[in-house]
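Have a look at the structure below, then the notes.
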Amino acid sequence: MVTRGIRWASPGFFVWILVVHTVGLYFFTKGFLLSRRVLENSSTCTRPLLPAFPRYESSYVQSTQSGCWMPRSFDKAVILVIDALRYDFAVPHAPQSSGSDAYQPFHNALTILHEKATQEPQNAVLFPFIADPPTTTLQRLKGLMTGTLPTFIEAGANFAGSALSEDNFVTQLQKAGKRLVHLGDDTWTKLFPNHFLPNLSRAYDSFLVADLHTVDQGVREHVIPLISHHQDEWDVIFGHLLGVDHVGHRFGPAHPEMCNKLKEMNRVIGEIVNSIDENTLLVVLGDHGMDEHGNHGGETENEVQAALWMYTRRKHFGHLLLHPQRPASYLNKSAIYQIDLAPTLSLLLGIPIPFNNLGSPIKEAFLGAAGDNWGQLVHAHMLSFAQIERFHREYSRMKNAQHDLEHNHTNFPRSVSLQELDFQDKESLKTLYHELRDHQGNILEHYKRIWARFNIAYMVEGLTILSFGAVALLLRVCVWGQCNLSPSASSRAIKRGAATSIATYLIHIVIVEPEEPRMTDGVILGATMSSLMLFTYRFHLFGMIQAPTKSQMPNFLDAIAIAFTILLSIGFASNSYTIWEDQIVLVFLATFGMYTISMSYRTWDRRKNIIEALLSVSFMALVRVVSLSRYCREEQLPFCVTTYHRLGNAMGWRLLIPYLIIILIPLATRIAFGSNLISKNLGVWIWCHIGIPMALFFNAVYWTLDSANRHGWLEGSRFNMLLSKGPHIFFSRATLVTAIAGSGMALTTKWTTAMTPVRYNMIITTSILVISILVSGPMGGGSLSILYFQILSLRKLLSHSQNHTIGPTIAAFLGTLHFFGTGHNATLSSIQWEAAYILSQDLHYLWSPLLVTLNTFAGPIVSAFSIPLIISRDVQPQEVQSVTNSVAIHVLIYSVWALSTAIWAGILRRHLMLFAIFCPRFLMAGALLLIIDVIAIIISLITAVNTK
C-alpha cells in the first residue's frame, strides 16, 4: 500500500517544477528577447520643424489646406497590400547562363508592374522592398505604418492584433480629417480600430489559409465601385489581399495555382490603374516575401525581399540614371527599406511624418518628373531629418540620456554652410542631400544597436533559476525515495530560506535598471530562489555530492543516457550542429540500436536472442525510415531535399497512409501485448478491436474529404456544394471524441479497478497517439505511427532491464526525431498553421492554438505520454516511485536542453545567426519544456489516482 502523502507528493513536485521553469524562462526571455520603448508622442502640424535649419522653416507648417509641413502632391491614394508579394513575382524571368535559375510558374504572370515602370517611368516606379525581420504580417504592418523597426519579442503578437498605440501614418491621416476605407485582411481593423468608415469598409478573416479567393474577391468587388462611383466619399483606400500568401502556404510558390493567383492580381491592378484620376496615387506593395515552401517569418533573402510599386496617371517620378534611354535601367533600382514608405507617403499626402519614424523619403518621389528638383528632395529630407532628431532627443531623455550625445544635430557633418545655402545651387543641394541621407542612415544603425542591447542581469537570473531547477530534478531522481516526504521544516531551514529570499530580492533591486518593474520581479525571484534553496537543503545536496551512495552511482546504461544528453546539449553551441540536429539525433538513436543488438545475445535462450536482435534491427530500420521524412530549412540547402509534403503540396501515395495505419496500429498493439492481455478485459478489448480502428477510419475519411475539398476533385458534381459546407469536419470531431472516450475509459474507476497498469497505460498512449495523428496530416500521421512502433520495440527491448534511466532518455530522443519527421524545424516558418482549422472552418482562440501546439510538438508529446507504458511490465505491479522517477528523468533531459540552449544563446548573443538559429532553438526548447512539465503533472496525477 502507498500512503496518501507519498501518492500525492509527486504531482505537487511537478507543479512546483513547472512554476520554477516558468519563472526561469520568464526572467531569461525578458533580458534576451529584444524590445524597445514605445514613445506616445505624436507629430503635429504646429510643432517647430527644423531645429537644425532655422532659416528654412516651411511656409506650410500651419497650413492643412494645401498640406502640412510640405505641399501635398496628391489628394487621394489607393494603397494595395498584396500579402507575400515577393519581388521576383513582379519582374520578368531572366534566365542565367548557368541555367541554375529555372523558369517557375510564378514568372511572367504579374506583368503590369514592370511594364508600367519601364514604359512610363515618370508615371511608375518599381523597387525591391526590404522588410526588417521578423517577417510576420502584423510586425510588417506596424513597421510600414510607423516607419520604425520591429523587435523579435513582437513576433509572438502576430495573432493578437492589439491596437497600435504609437504614432503612425493611418492615425495621422485620420487626424488630418481624411476619410479612410479599409478592404480585406481584418488585421487592419484590429491595429486601427475606429479609423475606417464603417459603411464603406469590409474586413475579412485573415487566418483561413484554405480559402484562396474570398478576401481577394471581396476587395475586388468593392474597390472598383468605390473608385469609379464614390470618389467624393473617401480620401484613402487601404486594400489588403491575401490570396498570394495563402497559395504560398498551401502549395508553395512553384505551383500552377500561384500563376493563376498572380494573373488575377494583374487584372485587379489593371482595373484600378484604369479607374483612378491624376490626383490619386496608387501604391502596390508586399509586406514580406516567402521562402521556397511558401512560408515566412524569418530573415532569408526570399522572405525579406518584397516589391513596391507606385503609380500615378500624371508624370511625377524622377530618376537619376546614366542611361535613361534604356528601359531596363528603370528596373535596376537599389533596394529600399520598408520603413522609408511612411515618411514618403506622409509628405506626398501632406500630413506630418509619424513621430517614431526612422525612415527616409524615397528620392524618386520628390525629384520631379524631370529628375532635377533637388530643392524639393532636400526639403523632404530636411523635414525627415528634423523629425528623427526630435525622436532621438525624446528617446534619449526617456532612457536617462544613455546615448544622447552619440547622434544629434550638433555633430551633423556640414560641408555646405547652411547660412549660405542657395536652393538654386544644385551642386550644393546634392552635397547636402547625400550628407542628410548618410546621417539618417547612421542614426538608423545606431538605433539598431540600441535595440539590440540585452539585459544581462535578467538573463543571469533566469539561467540561475533554470540551473537550480535542473539540480532539483536530479535530486528528485537520485534521493527522493531515500527521504521522509512528510512536510516538515526545521527553524534552521526556514532561516536559510528567508535569508535567501531577502538576499535575492536586494541583489535584484540593485542590479536592475530603475525603470524596470523591480519590486514585483524581485518578490517572484526571491520566492523562487527561496523554495529552491529549501528543496536542496531538504534533500542534502551537498552531502550527496561529498559522499554518494552506491545506488546513486551511474551504471553503463546511465552513462549512455548522460552522454547522449550532454553531447546534444554541448552541440547547441554550433550553428551547423543546430541546423543538422535531426541527423545528430539519428546518430545517437542508431548508436543505441547497435548497443541493443550487442546485448541481444546475453542469454542462452536462442529464440529470445533472435527476437531481441530482430527488434533492435527493426528499431534501427524505423529510425532510418523516419529520417527520410524531412522539411528542409533554408540553411540546409542545397544539401537537403524536402521529402515531407503537406497535402496541399503533393498527393499520390501519401493519402494512402491514413488507411494503411488503420490496419497496422491495431495489429502492432495486439502483437506487442498479446491476445491474452487484451481479451481478459472487456474495456481493453473494445478499445483495441473497435475504438482504435474506428477513430483511425474517421481520421482517414476526414483527410480524404479535406483533400477533395482543397483540390476540387468533386467540382461540378452535386456533392461539391455539400462538401464546401464542411461535412468533413464531422469526421475530425468524431476522431477526437472517440479518442477522448478511450482515454476516459482508462481513467474511469469502474474500468481501472479491473485493469492492470499496462492496460490503462496502453489505452492512454494510443488515445494521445490517435489525436496527434489527426492534427498531423497523412505524412505526419505516418511518422507518429512509426514512433508508436518504436515505443513498442523499446518497451520490449528494456523488458528485462532494471534501469529506469535509458527508457525516458531514448523516448526524449525519439520525440525530437519525430518533431523533425512530422515536417517541423526550429523556425517560425515551419509552423503548420492550417492545423488550427481541423475541428472547425472558423478560428477559435481556445482550440486553434491548442491544435497548432499539438501539431507542432506531436512527437515529443506522444513520447512523453508513453513513459509509463515503456517502463511497465506485464507481470509486475507498477509502483508510483518508478513511474514518477522515470517521468522526472524525462523532464530533466528537456530541462538540460532548455538550459543549454539558453546558455549558448546568451553567450552567442552577438552571433550573426542569433535570430535565425540560436534564438528559435531556445524558444522551441523553452516551450517544449513547459509542455513536458504539464504532461508530467498529468501522468503523476493519473498514477496517483490509479495506485492502490
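The values are calculated or read from the model by the stated rules, or taken from the named source; none is laboratory data. Predicted model, so just to flag it, every value in this text is computed and none were measured. No Cβ is skipped: glycine too gets one built from the backbone with ideal geometry, and neighbour counts run over all protein chains shown. Surface accessibility is based on the protein's heavy atoms, side chains included, excluding ligands, DNA and RNA. Shrake-Rupley method; radii C 1.70, N 1.55, O 1.52, S 1.80 Å.
In table form, for the structure just shown:
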{"quantity": "Charge dipole (segment 591-645, unit charges on Cβ, about Cα centre) - positive-most of Gln636, Met594, Val623", "calculated": "Met594"}
{"quantity": "q = 0.12, 0.25 Å⁻¹, segment 745-823: log10 I(q)/I(0) [Debye, one scatterer per Cα]", "calculated": "-0.42, -1.16"}
{"quantity": "Accessible-area value, Arg633, 1.4 Å probe, nucleic acids and ligands omitted, Å²", "calculated": "10 Å²"}
{"quantity": "Cβ-based charge dipole, segment 756-902, positive-most Cα from Ile771, Leu798, Thr901", "calculated": "Leu798"}
{"quantity": "Pairs from Lys116/Lys175; Lys76/Lys142; Lys178/Lys315; Lys76/Lys116 whose Cα-Cα separation, in the structure shown, is over 29 Å", "calculated": "Lys116/Lys175"}
{"quantity": "Kirkwood Rh (inverse of mean 1/r, distinct Cα pairs), segment 579-626, angstrom", "calculated": "11.3 Å"}
{"quantity": "Taking the convex hull of Cα positions in segment 831-946, its mean projected area over all directions (nm²)", "calculated": "9.3 nm²"}
{"quantity": "Signed unit charges on C-beta, dipole axis of segment 835-948, positive-most listed residue Leu854, Ile917, Pro868", "calculated": "Ile917"}
